[in-house]
Amino acid sequence: MNPEEKNTARSALNIAVIGSGISRIASAWLLSEKHRVHLFEKNDYIGGHTHTHAMDDHGQTVNVDTGFIVFNQPNYPHLTGMLKHFNLPTQPTEMSFGVSLDQGRLEYGGNNLATLFAQKANLLRPRFLRMVQDILRFNREGKAALQDASFTNTESLNDFLDRHRFGEGMRDDYLLPMAAAI
């Protein structure tokens, strides 16, 4: 063993990674470049809250991943690197957001104006129209707060909404469904 190999062997750590969710798998993979990593999982499958189920679709097996919301390359550079390293294919998808509350009493989509006002009655609902205004204002004021050097990130979301006087429609009909989807 040459001196460089001896130094590397001495500096390599034995690391235990508990759980096989994607963040743990990615961490184990990155750490394994310089260390000895052991992955431990209590379940009889890997994947954390994401789990692949083989479903029958008219005689054809389709694999459906549950739990995993979205993957996009700009936001997941390490996952992207790992997928490329193992030559695992990906495919483009579209993200969408739709809400249906109280057995369809209120429904809207977030892709464009046509889906936002899919229920024509939404054009006449003051709470809905205020929600749309509040969403636009929330996006502006939220971005401005993040750009403000004095912003300390100690205020809760609820306190921020109260201070800026956002309506119940924006909270209950937009933010809660959005947070539930994430």
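So is Thr52 surrounded by 12 or more Cβ atoms within 10 Å (Cβ to Cβ), of a type in the set (S, T, N, Q) and modelled with pLDDT of 85 or more or not?
So Thr52 does not fit the description; no.
Please identify the pairs in which a residue from segment 60-84 that is of a type outside the set (S, T, N, Q) has its Cβ atom under 6 Å from the Cβ atom of a residue that is surrounded by 12 or more Cβ atoms within 10 Å (Cβ to Cβ), counting only partners at least 6 apart or on another chain.
Pairs that qualify, where the first residue is of a type outside the set (S, T, N, Q) and the partner is surrounded by 12 or more Cβ atoms within 10 Å (Cβ to Cβ), are Asp65/Thr50; Asp65/Thr52; Gly67/Thr50; Phe68/Thr50; His78/Ala26; Leu79/Ala26; Met82/Ala26; Met82/Trp29.
Report yes if some residue within segment 64-78 is within 13 Å of the chain's Cα centre (by Cα), under 11 Å from Ile22 (Cβ atoms), surrounded by 10 or more Cβ atoms within 10 Å (Cβ to Cβ) and among the polar types (S, T, N, Q); otherwise report no.
no
The values are calculated or read from the model by the stated rules, or taken from the named source; none is laboratory data. Nothing here was measured: the structure is a model prediction, and the numbers come from that model. Note: ideal-geometry Cβ built from the backbone for every residue, glycine included; neighbour counts use all protein chains shown.
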